Each structure stands twice: as structure tokens, then as C-alpha cells.
1. Answer yes or no: is there a residue in region 59-73 that is at pLDDT below 95 and in contact with a Pro (Cβ under 6 Å, 6 or more places away or on another chain).
2. Restricting the search to region 126-151, which residues are touching a Pro at 6+ places or on another chain (Cβ under 7 Å) and at pLDDT below 90?
3. Just one of (1) in contact with a strand residue (DSSP E or B) (Cβ under 8 Å, 6 or more places away or on another chain); (2) farther than 24 Å from residue 39 by Cα; (3) among the charged types (D, E, K, R) trips up residue 144, so point out which.
4. Can you pull out the residues in region 59-91 that are assigned to a strand (DSSP E or B) and either among the hydrophobic types (A, V, I, L, M, F, W, C) or touching a Cys at 6+ places or on another chain (Cβ under 6 Å) (or both)?
5. Tell me which residues, restricted to region 47-92, are under 16 Å from residue 180 (Cβ atoms) and polar (S, T, N, Q).
6. Return yes or no: is residue 147 surrounded by 15 or more Cβ atoms within 10 Å (Cβ to Cβ) and in a loop (DSSP other than H, G, I, E, B)?
7. Out of (1) at pLDDT 95 or above; (2) within 13 Å of the chain's Cα centre (by Cα); (3) surrounded by fewer than 21 Cβ atoms within 10 Å (Cβ to Cβ), the odd one out for residue 80 is which?
8. Can you name the number of the only condition in (1) assigned to a loop (DSSP other than H, G, I, E, B); (2) loosely packed, with under 12 Cβ neighbours inside 10 Å that residue 94 fails?
Amino acid sequence: MMGHRLAAGVFLTATLILSGQANATVTSRLNYDQLISRSTVTITGTVVDQRVVPFGDEIWTDTYVRVGDSLKGGVARGRIIRVRQPGGELGGRGMRVAGAASFLRNERVLLYLRPVGGGLFPIGLAQGKFSIYKDARGVERLRRDLRGLVFANPTSNGKTRLVHAAPGSDAKNIKLRLLIKRTQFVGKGGNR
């Protein structure tokens, strides 16, 4: 429970410090290899349900995902996993964490996750969640929505520059199969 409160506290503190209105969360930008190496579970799957739950005196949202392929962590195909994040609305109370991943029922996803509080948590908030879609030619591609994130980038003079994530998607139309191959390669210890 302490770890969950700490995680939520860090996100909320950074959010409140940045803008008294809680509209952004400061974090480090993670490249694909960092997502891969920091995750303990990486899967493709389909969102099947979502529930808002009390967690101590906090509100969390549990998203249930049916696993398609397990790229890391050995989760069985067809198993339903719980992706847990702080935030949601319950009993007239609400909590929002800017930059948290958002999910839609029946959405196909690629997730980079780590264990937190009886569930799995996306690495780097929304950075660890990609939506899978098919382009006009039927090629599966990825997009992700990083709205609400501000990246703390170190500069050469030892200071930190804050860079707001661009609205919309930043996955640059990457093909799903290419990131899956990269995940399998780095997950086996390649090119770190």
C-alpha cells in the first residue's frame, strides 16, 4: 500500500507543482529500449472492462485486458490481466492524474507494464501504452497519446528544460511488428 501511495503522491505532487490546476505531470521521456528494459510484463491484448475502485483513501481505475501475445513476462494467451492506475470518479469524488494512459473497451493495445498494488502499471504513465490500429493497407501500426505529460530534459549546462508532449500521437506511425521484434531482441539482452 505504501508503494501505491508513493506512486500516486509523486504523480500528484509533480502535477500540482507544475500548474496549480493539475493539468500536467512531469516525468522523464523514455525511449523504446527503456520501456522494454523497465517492464516486467509486455503484452498485446484487447481491453475487455474497466472499473473504478477505492484503494485506501484514494481512487484507482482498474482496466482489464485479455492477453493476445506475451512478449515478456510469460503471461498466458487469453488470460485477463488487471492494469491499475491512480484516478477515476467514484461516489461523487474524483481524482485525475494528468498523463495517465486512457483505455477504451475493445481497444487493441501494446502494453509495457510493471507490478503495482495487485495489478500492473504502465511504465512511464501513457508512454507504456500504445493503441494498435490498421492503416489503409491493413498494416498494424501503433499510436499513443501523451497529452498531460511534460518531459524533464537535462541540458548541457546541468539545468533541466521542461518540454510539453505534443498533442495527439507520437508513435510516428511505427509498425507493430517492428516494435514487437525490438521488444523481443532487447528483452533477450540485445543492444542495451
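The values are calculated or read from the model by the stated rules, or taken from the named source; none is laboratory data. What you see is a predicted model, and the numbers here were worked out from it, not measured in a lab. Reconstructed Cβ throughout: ideal geometry from the backbone, glycine too, with neighbour counts over all protein chains shown.
1. Looking through region 59-73, at least one residue is at pLDDT below 95 and in contact with a Pro (Cβ under 6 Å, 6 or more places away or on another chain).
2. 147, the sole residue that qualifies.
3. Here residue 144 clears every test but (2).
4. Of everything in region 59-91, those that are assigned to a strand (DSSP E or B) and either among the hydrophobic types (A, V, I, L, M, F, W, C) or touching a Cys at 6+ places or on another chain (Cβ under 6 Å) (or both) turn out to be 59, 60, 65, 67, 71, 80, 81, 83, 90.
5. Result: 70, single match.
6. Numbers: surrounded by 15 or more Cβ atoms within 10 Å (Cβ to Cβ): yes; in a loop (DSSP other than H, G, I, E, B): yes.
Yes; evaluated as a whole, the condition is true for this residue.
7. With respect to (1) at pLDDT 95 or above; (2) within 13 Å of the chain's Cα centre (by Cα); (3) surrounded by fewer than 21 Cβ atoms within 10 Å (Cβ to Cβ), residue 80 is out only on (2).
8. (1)
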